[in-house]
Amino acid sequence: MKTKLTILSLFIIISLFVQSCSTKKKAKGPEDEIYVIADSLEFLAVKDALAETFSKVIHTPQPEELFLFQRHSVNKLNSLKLKKNILILAPIGSGSYTSKYLESIIDTTVEQLIRDDSVFVINKYDLWAKDQLVMILTGKDISTIEQNILKKKDDLFYYFREASNKRLAAGLYNKKFEQKDIEAKLLNKYGWMLYTQADYQLAMEKPEDNFVWIRRGVNSNIERWIFVHWMEDASPEFLHPDSIAKERDRLTEKYYRTSDDTAFVVSYDTFKMNSEVNFNNRYSIHVQGLWKFSDESGGGPYLSYTFYDEETRRILRENVDILHALSKQLLEKETLLAEEIDAIIEETKNARNEKNILIAEKES
């Protein structure tokens with residue numbers, strides 16, 4: 001049978017899984033930790049595949065893993081049910097304790113689909129706690145599970161990253177502290193909208209170059225810069241990593257300059273990663289890498305999304321920079337800061353059903 005990897009909601013057959021939303025507590029724990037429920041031998045068989053899937057490394061500029069994972073036996077599950085990210089992993093019918101647990105909670109119809117290799121991933125949101133993702137990875141044997149993890153690693157990573165972004169955005173987005181005057185100005189003047197928190201300032205507008213820059217934390221230990229750039233009557237052929245990188249360097253050399261005008265921001269390719277992603281139902285190029293000042297006085301990571309809007313024939317791009325922190329404590333927060341800004345961008349596109357909501361690039 002041709003394998004079909006289908007995402008199913010759990011068929012709930014025991015009262016353990018039936019809880020009123022009003023009685024659920026909020027999920028707890030670090031955003032970057034995934035609690036893996038698996039028997040030790042089965043975990044060891046797929047450990048490398050899980051690491052390749054979830055332990056993606058970003059450089060801020062020190063290397064940091066986006067997700068950490070730790071194994072726990074199924075008899076510890078009750079003590080972990082309030083965690084934000086839970087992954088339960090076992091084959092059906094292997095005889096392991098985790099396998100027996102899955103057999104006790106999964107409907108027999110779904111169990112047969114698993115044995116036929118038609119179902120591999122089962123996601124359940126808010127199962128035991130609010131804002132929680134519980135993922136089950138299963139299959140007819142552990143080898144099949146390993147193969148499917150590697151085949152679908154981008155999707156599996158996306159599920160946890162998307163859940164994390166939604167939690168972060170919920171904590172960051174607050175209408176009370178939203179600068180609606182700036183948002184309205186940008187929408188009316190340029191035809192796109194960006195969620196703007198209260199502590200951001202409109203630093204520069206260059207309509208002749210389709211460039212807008214807002215910033216936060218001026219002259220503080222951590223500064224955050226966001227610039228938006230767009231191209232009118234553009235061709236989707238521009239959506240190539242080389243074209244995007246060249247245009248980025250042109251803009252940062254022109255506008256991201258030191259106060260004495262002796263240095264400017266440049267990118268370097270040592271740790272650059274490009275990927276194709278779905279951004280608000282649009283094909284988008286996602287770029288992640290490192291930047292520095294041309295005089296080597298500072299630098300950090302950046303992240304970007306660039307997409308083509310067919311209706312307006314615009315190439316849209318937004319960049320977010322986080323200037324390098326000065327203390328070890330602040331350095332340890334850089335990955336979370338980058339993720340928080342990514343979450344703001346995700347919240348912007350979800351909260352606003354506008355045609356020209358933009359994309360983001362982060363640098364630290």
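Somewhere in the range 317-329, is a residue of a type outside the set (Ser, Thr, Tyr), part of a helix (DSSP H, G or I) and modelled with pLDDT under 80?
For the range 317-329, residues of a type outside the set (Ser, Thr, Tyr), part of a helix (DSSP H, G or I) and modelled with pLDDT under 80: present.
Inspect all residues belonging to the range 261-279 and state whether any of them is assigned to a strand (DSSP E or B), closer than 25 Å to LEU194 by Cβ and touching a Pro at 6+ places or on another chain (Cβ under 9 Å).
Yes: one or more hits.
Consider ASP209 against the criteria (1) at pLDDT 90 or above; (2) among the acidic types (Asp, Glu); (3) under 23 Å from the mean Cα position of the chain (by Cα): it satisfies all of them except one. Which criterion is unmet?
Here ASP209 meets the rest and fails (3).
When you check PHE67 against the structure, is it surrounded by 17 or more Cβ atoms within 10 Å (Cβ to Cβ), over 17 Å from THR138 (Cβ atoms) and assigned by TED's automatic domain parsing to the domain that holds GLN132, yes or no?
yes
Somewhere in the range 258-271, is a residue closer than 25 Å to HIS240 by Cβ and free of Cβ contacts under 8 Å to residues at least 12 places away in the same chain?
The first filter runs over the range 258-271 and keeps only residues closer than 25 Å to HIS240 by Cβ, leaving 264-271.
Filter once more, so that each one left must be free of Cβ contacts under 8 Å to residues at least 12 places away in the same chain: none.
No: the range 258-271 contains no residue that is closer than 25 Å to HIS240 by Cβ and free of Cβ contacts under 8 Å to residues at least 12 places away in the same chain.
What is the residue count in the range 280-301 for residues that are modelled with pLDDT under 80 and either outside any strand (DSSP E or B) or within 24 Å of THR258 (Cβ to Cβ) (or both)?
Qualifying residue count for the region: 7.
Please go through the range 1-53 and pick out each residue that is touching a helix residue (DSSP H, G or I) at 6+ places or on another chain (Cβ under 9 Å), of a type in the set (A, V, I, L, M) and either in a strand (DSSP E or B) or at pLDDT 50 or above (or both).
Within the range 1-53, ILE7, LEU8, ALA27, ILE34, VAL36, ILE37, ALA38, LEU41, ALA45, VAL46, ALA49, LEU50 meet the criteria.
Checking LEU102 against (1) exposed (fewer than 15 other Cβ atoms within 10 Å of the Cβ); (2) assigned to a helix (DSSP H, G or I); (3) not hydroxyl-bearing (Ser, Thr, Tyr), which single condition isn't satisfied?
Condition (1) is where LEU102 drops out.
Given the options ASP141, ASP117, ASP126, name the one that is more than 25 Å from ASP32 (Cβ to Cβ) and in contact with a helix residue (DSSP H, G or I) (Cβ under 9 Å, 6 or more places away or on another chain).
Step by step, each of ASP141, ASP117, ASP126 is checked, and only ASP117 is more than 25 Å from ASP32 (Cβ to Cβ) and in contact with a helix residue (DSSP H, G or I) (Cβ under 9 Å, 6 or more places away or on another chain).
Tell me the residue from ALA129, ALA198, ALA163 that is out of contact with any Cys (no Cβ under 9 Å at 6 or more places or on another chain) and not assigned by TED's automatic domain parsing to the domain that holds ILE105, please. Outline the logic, then answer.
Numbers: ALA129 fails: not assigned by TED's automatic domain parsing to the domain that holds ILE105; ALA163 fails: not assigned by TED's automatic domain parsing to the domain that holds ILE105.
The unique qualifying residue is ALA198.
Show the residue pairs that are 6+ apart or on different chains and have beta-carbon atoms under 8 Å apart, the first residue being within the range 202-223 and in the same structural domain as TYR190 (by TED's automatic domain parsing) and acidic (Asp, Glu), the second being crowded, with 17+ Cβ neighbours inside 10 Å and in a loop (DSSP other than H, G, I, E, B).
GLU223/LEU323
Would you confirm, using the coordinates I've provided, whether LEU202 is closer than 25 Å to ASP309 by Cα, out of contact with any Asp or Glu (no Cβ under 9 Å at 6 or more places or on another chain) and of a type outside the set (Lys, Arg)?
Yes, satisfied.
The values are calculated or read from the model by the stated rules, or taken from the named source; none is laboratory data. Everything numeric in this text was worked out from a predicted model, so none of it was measured. Heads up, the Cβs are rebuilt from the backbone with ideal geometry, glycines too, and the neighbour counts pull from every protein chain shown.
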